[in-house]
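So the structure is just underneath, and the comments pick up after that.
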């Protein structure tokens, strides 16, 4: 699998991890960097998604319409 393929496969996984479904109902969140831990996890996932999206685009060959294949 190419870098582009791995990046595109990891993006949906990061979206799933960013959701706080894994937390127990009514549990008090830990505070990291002045934010609840689930917010820090979500922000880290979204930053990772942006990096992976950029990597996927950089690994994609885009040809001009007039170019020969």
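Every number in this text was worked out from the coordinates using simple rules, so none of it is lab data. Bear in mind that the values here come from a model prediction, so they are computed numbers and not experimental data. Positions of Cβ are backbone-derived with ideal geometry, glycine not excepted, and every protein chain shown enters the neighbour counts.
Summary of values
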item	result
Mean separation of Cα contacts under 8 Å (6+ apart) over length of the chain, as relative contact order %	48
With eigenvalues of the C-alpha gyration tensor scaled by 5 and rooted, the stretch 1-47, Å	27, 12, 5
At R0 = 30 Å, FRET efficiency that the Cβ-Cβ distance of residue 21 and residue 47 yields, to 0.05	0.90
Overall dimensions of the stretch 19-69 as given by Cα atoms, namely Rg and Dmax in Å	19.1, 60
Between helix 37-58 and the chain: long-axis angle, C-alpha atoms, 0 to 90°, nearest 10	0
Principal-axis tilt of helix 3-18 within the chain, Cα atoms, nearest 10 degrees	20
FRET efficiency, residue 37 to residue 9 (Cβ-Cβ, R0 22 Å, nearest 0.05)	0.25
